[in-house]
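The block underneath contains the structure these notes are about, expressed in structure tokens.
Read the figures in this text as sums done on the coordinates, not as results from a lab. Given the structure is predicted, the values throughout are model-derived calculations rather than measurements. Cβ placement follows ideal geometry from the backbone for every residue including glycine, while neighbour counts extend to all protein chains displayed.
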């Protein structure tokens, strides 16, 4: 059978076929009969839901033959445009752009439960501006770097955050003895032409375990308990060396990797010269970029294992989800 | 829970270990013991536990860039556990 005849029929009949209730798409393809593909070219009408002929009024029925070309009806479900994670989503799933009004944009991780209510989980530096926010501050979806504004796109309010302890360089004049020691050390380094220079750093008594915060949705129906490109979450699990992982994030979308290191202690730069030390972290290979912070990290069975928050050219740093849940007092 | 597991392991390993005298330190214990010193070396941004190509656990020291002086200073093994050095780049909040 030549292709030109069915193609011209399809063009002529497209408007009347698409006018039928339920028909979402039309195209040319081989007709499938009793589950087997035949050699017959047909006009394929995709429908959201296949209904018995008796349930349809005659104007909505797809005729079995249109101008000599047979038809086929297949069920594809509703067809939606594939939307970029930087767009505006209502309801908003995990994996899309979100942020405190004063930051650029991060990623909405997933929904978690506290006291029977659902909250948005992401990083402190995404929802609470790295400790510089007030409880109740507006959270926008998409984040401001993606055009979100408080007036039009506010989705939630900051509910709680785990403060980040930063390593604080001592002010210069604090301790004359320490300054003397440092001066001698650095003079020595200069003498031996070493690039090393010492400075006084007060190590915080508490290392960080998580960069995490919660936001309360203004309207429960504006958030969706699944993750863009991944779907429903199948509970939680603990990651170990070699666990295959994936994330859906605002900047790089759906990416996969593997846990390459556990028990990681790592110094993370937060901009403005601030550094924070984290312990008990997971490290995967490169699978994220700026804006992916806050992404939920899942294992091969779609179980939550971590919260992505930092990375370098060839590493991704992930909080253990069990530490996040414990610090915020939340569950799935 | 993890603490409980550690205690149970210690108890079950007890008699044999006492028979030989000192109990060998686990790679986690050795890493914890040395990490403050390792993290203070120029350019060290991370210390963790990974695997070698043969699947054996290894202490991994991450550098912000190539650092010949630090490479020369970090020991090749700590209390019997191998140490690997990797350049991972500066780690930033994303």
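A few points about this structure:
- Exposure proxy ranking, count of Cβ atoms within 10 Å, fewest first, for B:81, A:100: B:81, A:100
- Label-to-label distance for residue A:286 and residue A:113 is 4.0 nm, based on points extended 7 Å past Cα in the beta-carbon direction.
- Two-site label geometry, residue A:218 and residue A:79: point separation in nm, points 7 Å out along Cα→Cβ: 3.4 nm
- For the peptide A:244-256, the mean number of other protein chain Cβ atoms found within 10 angstrom of a residue's Cβ is 0.
- Percent antiparallel among DSSP beta bridges (both partners in the protein assembly as shown, rounded to 5): 85 percent
- The peptide list A:109-115, A:35-41, put in order of mean Cβ contacts within 10 Å with the highest first, becomes A:109-115, A:35-41.
- Cα→Cβ-extended label distance, 7 Å offset, between residue A:165 and residue A:232, nm: 4.1 nm
- For chain A: rounded, prolate or oblate by the Cα gyration tensor [a/c cutoff 1.5]: prolate
- Convex hull of Cα atoms in region A:1-48, direction-averaged projection (nm²): 3.6 nm²
- Acute angle (nearest 10 degrees) that the helix A:4-18 long axis makes with the longest principal axis of chain A, alpha-carbon atoms: 80 degrees
- A compact globular protein would have a Cα radius of gyration near 2.2 N^0.38 Å; the ratio found for region A:240-331 is 1.01.
- Looking at region A:1-116, the pairs of alpha carbons with a distance over 21 Å make up 55% of the total.
- The mean number of Cβ atoms from other chains found within 10 Å of a Cβ in peptide B:44-54 is 6, as a whole number.
- Normalised contact order of region B:25-94, rounded percent, pairs of Cα under 8 Å and 6 or more residues apart: 30 percent
- For chain A, calculated [θ]222 nm from helices alone, where every DSSP H run of n ≥ 4 adds -39500 (n - 2.57): -4000 deg cm²/dmol
- Stokes-Einstein D in µm²/s, Kirkwood radius over Cα pairs - region B:25-94 at 4 °C with 1.567 mPa s viscosity: 105 µm²/s
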